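Report on one structure; see the data block that follows.
The values are calculated or read from the model by the stated rules, or taken from the named source; none is laboratory data. What you are looking at is a predicted structure, and each value in this text was computed from that prediction instead of being measured. Here the Cβ is made from the backbone with ideal geometry for all residues, glycine too, and neighbour counts use every protein chain on show.
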Amino acid sequence: MTADQTCGPSPSASRPPPIPAATSAVLALLGRDLALRRIVKFSLALDLVFGALNLLVFQFIGHVLRNPAPGSVTRAGGYFSFASVGIAFFLVIQTAAIGITRQIREEQQSGTLEFVLAQPVGPGSLALGFAGFPFLFATLRAFVYLLLAAALGLEVSHANWAGVVVVLVAAAPAMVAIGIVLAAVTLVVERGDVLGRFVAFGLGFLSGAYFPVSELAAPVRAVSAALPTRVALDGQRAALAGQPWWPSVTRLAVFDLLTLPAAVVIFAGALRWARRRGRLTRG
Amino acid sequence: MPALVPSAGWAPSGTARNVVPAVEVCGLTRRFGSRTVLDRIDLTVGVRERAGIWGPNGSGKTTLLRCLAGTLTPSAGRASVLGHLSGSRAARHALGVCLAQERAFYGRLSGRDNLLFAARLRIGPVGAAGAVAAICEELALGSFAGMPVERYSSGMRARLALGRALLGHPEVILLDEPTRSLDDAASQLVWAALARRPDLTVVVASPRRADLTWCSRVVDLARLAAQGQAAQGQAAQGQAAQGQAAPGQAAPGQAAQHPAARHPAPR
């Protein structure tokens with residue numbers, strides 16, 4: 001037997017297949033993405049829902065601009081000033097909600113959440129620790145946004161800046177409580193990040209971030225009145241317009257006392273659930 | 001309930017401290033949906049003992065360690081660490097854990113920052129930096145501790161994971177395949193670090209018998225499950241006695257003694 005016969009390729013078998021055409025690689029990549037996106041239908045439905053909600057918001061805005069209710073928008077110094085404060089505040093909620101749900105999800109996937117929970121740390125510390133940074137970061141972004149809005153024409157000539165700060169500080173625990181509940185939901189629900197987006201959007205919608213809540217139907221207005229975000233937003237607008245903001249601070253203090261402990265209890269419950277179901281880690 | 005007796009390698013001192021076992025598992029069962037991963041496991045590990053948990057892939061070693069660490073709640077039964085229910089704050093304080101070592105780091109942070117984070121959780125801000133410096137020196141982590149962990153090799157991560165588990169002077173340490181991805185020299189570093197801590201109780205899980213030669217006692221998890229089932233009268237006793245155990249194991253009701261237990265721990 002010669003060396004060629006020993007080492008060379010067999011004439012009949014094991015001939016390497018030809019290099020596939022470029023299109024087959026594209027098809028393979030597309031097929032992979034389709035396979036990876038097992039919930040593609042869900043994502044599509046979600047985009048449609050968010051699109052519809054955005055249209056609804058603009059419908060309300062259109063109505064406000066056509067028939068501005070006395071008070072609300074004019075008191076804030078025009079629609080731009082009204083919406084600027086609303087969007088800045090909504091930014092806090094949205095950034096924090098997305099930040100905290102993404103953080104929890106990443107920690108589940110990386111395994112760091114399991115490591116942290118194996119340490120001698122109580123659920124209260126964990127909850128505040130997880131929610132703290134996203135909200136501080138979001139608050140900073142909102143301040144920058146307000147400064148930018150002021151440069152573009154946000155009415156601040158009568159602003160009580162001390163009031164703005166006090167309202168923000170008073171609102172912080174209640175906002176953090178919302179973040180903690182979202183973190184708890186992310187532990188329990190597979191698509192907690194999506195739910196976070198919905199909650200942020202819903203809070204902005206119901207709290208009057210884009211249009212006065214007087215535009216909403218009476219039952220929805222009742223829900224709105226029970227939201228700390230609505231109270232905080234009213235307080236911010238009042239402080240920026242140089243109007244009484246103390247009532248909002250008092251109401252926020254009550255919200256803080258109620259919501260923060262409740263949120264920690266919910267978070268502790270979610271941790272127990274995740275330990276039972278083995279959901280501290282996700283693939 | 002068949003409790004495993006301490007092996008010859010474990011020498012109880014008779015002090016009150018040793019009355020409470022370091023690790024105690026009673027009738028522990030863990031199911032994931034319809035799949036039972038651990039079925040009525042009983043296990044006792046004495047204080048200062050070095051116990052190995054052996055079993056093939058999928059036998060439930062990591063699940064058992066997670067139940068001990070308190071990050072997974074048993075479906076039935078209970079586990080305790082130094083008399084504290086697993087998952088309680090006292091139990092977590094007593095434990096150092098090294099689970100899923102490839103995954104459980106913040107990749108964009110340096111190894112030192114990861115250790116500092118862990119030290120602050122376990123020790124608090126005062127003394128954390130000193131503890132990290134000491135562990136870096138002991139495990140020779142200094143040359144790469146400043147690098148982001150995402151650039152680490154598997155071996156570097158394994159050493160970092162052990163260092164993190166040793167922070168805060170735990171009384172019991174749980175190690176899941178601690179020498180996977182390590183070369184001989186790095187493995188020696190690991191075993192030497194544990195040998196320098198004679199008061200530390202060590203529970204090591206691994207599918208490779210070579211990893212467990214350092215242990216004073218090796219427990220076959222599959223065998224342990226069979227014992228638990230037999231004791232409950234729900235498994236055929238005959239099967240349990242017919243050579244299903246790995247070599248070197250004792251009969252049901254006795255400690256599963258690995259031949260490697262005869263070897264002294266490397267110093």
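Against the test of being of a type in the set (Val, Ile, Thr), crowded, with 17+ Cβ neighbours inside 10 Å, within 29 Å of A:Arg105 (Cα to Cα) and modelled with pLDDT of 85 or more, the options A:Val176, A:Val164, A:Val169, A:Val231 yield a single qualifying residue, A:Val176. For the range B:72-93, the set of residues classified as more than 14 Å from the chain's Cα centre (by Cα) and not aliphatic (A, V, I, L, M) consists of B:Thr73, B:Pro74, B:Ser75, B:Gly77, B:Arg78, B:Gly83, B:His84, B:Gly87, B:Ser88, B:Arg89, B:His93, listed by residue number. Considering every residue within the range A:259-272, establish whether at least one is in contact with a His (Cβ under 8 Å, 6 or more places away or on another chain), more than 14 Å from chain B (Cβ to nearest Cβ) and surrounded by fewer than 19 Cβ atoms within 10 Å (Cβ to Cβ). The answer is no, given that none of the residues of the range A:259-272 is in contact with a His (Cβ under 8 Å, 6 or more places away or on another chain), more than 14 Å from chain B (Cβ to nearest Cβ) and surrounded by fewer than 19 Cβ atoms within 10 Å (Cβ to Cβ). Just one of (1) among the aliphatic types (A, V, I, L, M); (2) at pLDDT below 95; (3) farther than 30 Å from B:Ala145 by Cβ fails for B:Ala100. It is (3).
So which residues in the range B:121-132 are surrounded by 19 or more Cβ atoms within 10 Å (Cβ to Cβ) and without any contact (Cβ under 8 Å) to a residue 12 or more places away in the chain?
Hit for the range B:121-132 is B:Leu121, nothing else.
Scanning the range A:84-130 for residues that are more than 9 Å from chain B (Cβ to nearest Cβ) and β-branched (Val, Ile, Thr) returns A:Val85, A:Ile87, A:Val92, A:Ile93, A:Thr95, A:Ile98, A:Ile100, A:Thr101, A:Ile104. Counting the residues of the range A:209-239 that are touching a Phe, Trp or Tyr at 6+ places or on another chain (Cβ under 9 Å) and closer than 22 Å to A:Asn160 by Cβ gives 13.
For the range B:137-151, a tally of residues being farther than 11 Å from B:Leu166 by Cβ and either away from every other protein chain (no Cβ under 14 Å) or small (Gly, Ala, Ser) (or both) returns 10.
Regarding the range B:152-160, can at least one residue be identified that is among the aliphatic types (A, V, I, L, M), closer than 23 Å to A:Gln108 by Cβ and in contact with an Asp or Glu (Cβ under 9 Å, 6 or more places away or on another chain)? Outline the logic, then answer.
Step one: list which residues in the range B:152-160 are among the aliphatic types (A, V, I, L, M), which gives B:156, B:158, B:160.
Imposing the further condition that a residue be closer than 23 Å to A:Gln108 by Cβ reduces the set to B:158, B:160.
Restricting the remaining residues to those that are in contact with an Asp or Glu (Cβ under 9 Å, 6 or more places away or on another chain) gives B:158.
The answer is yes; a qualifying residue exists.
Is there a residue being of a type in the set (Gly, Ala, Ser) and farther than 23 Å from B:Cys215 by Cβ anywhere in the range B:149-163? Yes, some residue in the range B:149-163 is of a type in the set (Gly, Ala, Ser) and farther than 23 Å from B:Cys215 by Cβ. Look at (1) of a type in the set (Gly, Ala, Ser); (2) out of contact with any helix residue (DSSP H, G or I) (no Cβ under 8 Å at 6 or more places or on another chain); (3) within 14 Å of chain B (Cβ to nearest Cβ); (4) without any contact (Cβ under 8 Å) to a residue 24 or more places away in the chain and you find that A:Ala150 fails only one, number (3).
Every residue, every condition in (1) among the acidic types (Asp, Glu); (2) buried (at least 19 other Cβ atoms within 10 Å of the Cβ); (3) modelled with pLDDT under 85, yes or no:
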| site | (1), (2), (3) |
| --- | --- |
| A:Gly196 | no, yes, yes |
| A:Gln243 | no, no, no |
| A:Thr250 | no, no, no |
| A:Asp256 | yes, yes, no |
